Each structure stands twice: as C-alpha cells, then as structure tokens.
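One structure is given here, and the rest of the page talks about it.
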Amino acid sequence: MAWWREEGGALVLALRVQPGAKRTEVAGVHGGALRIRLAAPAVDGKANDALLRFLAEAFGVPVRSVALVRGHVSRTKQVRVDAPARRPEWLQRTSGSGH
C-alpha cells in the first residue's frame, strides 16, 4: 500500500509520528505509512504544530497549505499538502514503485 497519493492538486500522506525524538527527520516507511520523528513533545499540540511546519518547509508551501486531516491525538495521522511547490527527495526515495 502506498503511503501517499495525489488528490486534485494536493498530496495526501499517511504518517506514523514519533514525538519526543532527538531531532525532526524522516525515518523511512513502515506498515504503509511514512515514519517521521519529531523533536517536539506530544503536549498541547506541539508535536502536531512541529509536524505541519516540517512538512510545509519540505514541500515549499506556507503552513496554512498543510492540514491535519485525521489523527489529531494519535501517532497515526493523515495530512493533506495543497499545491506542493516541490517534492522532497525523501518522497521519491521512500515511495518504491508506482510513484
């Protein structure tokens, strides 16, 4: 199962997030989701905010163009990136075939 898909002019990403890590980084794909480690703690929405900022920077869009669709209080999340200006290197590297 692919962890991302195109939907209109947007990308929809299936994510598995690990808050409280040493640094924010992509950690590969596991179980049909992209694993992202976040330096922010899972307190008061800080991890979600850090995730949206990380993805906005990676895709070259303002933070308002990145929306948390599902998983506000879960480690499993679905995020929508509207009109990405660029595609980060890890998007292709972790996709496998079919994208």
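The values are calculated or read from the model by the stated rules, or taken from the named source; none is laboratory data. Predicted model only: the values in this text are computed from it and were never measured. All Cβ positions, glycine included, derive from the backbone under ideal geometry; neighbour counts span all protein chains shown.
Are any residues in the range 27-64 in contact with a strand residue (DSSP E or B) (Cβ under 6 Å, 6 or more places away or on another chain), part of a strand (DSSP E or B) and touching a residue at least 24 places away in the same chain (Cβ under 8 Å), and if so, which ones? Scanning the range 27-64 gives Gly28, Ala33, Leu34. Considering only residues that are in a helix (DSSP H, G or I) and closer than 15 Å to Val26 by Cα, which ones fall in the range 65-99? Glu89, Trp90, Leu91, Gln92, Arg93 - these are the residues of the range 65-99 that are in a helix (DSSP H, G or I) and closer than 15 Å to Val26 by Cα. Picking from residues in the range 1-26 that are touching a Pro at 6+ places or on another chain (Cβ under 7 Å) and without any contact (Cβ under 8 Å) to a residue 60 or more places away in the chain, the one that is surrounded by the most Cβ atoms within 10 Å (Cβ to Cβ) is Pro19.
Gly20 passes every criterion in (1) modelled with pLDDT under 95; (2) part of a loop (DSSP other than H, G, I, E, B); (3) not aliphatic (A, V, I, L, M) apart from (1). Within the option set Val29, Val61, being within 16 Å of Arg93 (Cβ to Cβ), crowded, with 17+ Cβ neighbours inside 10 Å and either at pLDDT below 95 or of a type in the set (Val, Ile, Thr) (or both) holds for one residue only, Val29.
Residues that are among the aliphatic types (A, V, I, L, M) and within 12 Å of the chain's Cα centre (by Cα) were ranked within the range 64-76; the one that is surrounded by the fewest Cβ atoms within 10 Å (Cβ to Cβ) is Val69.
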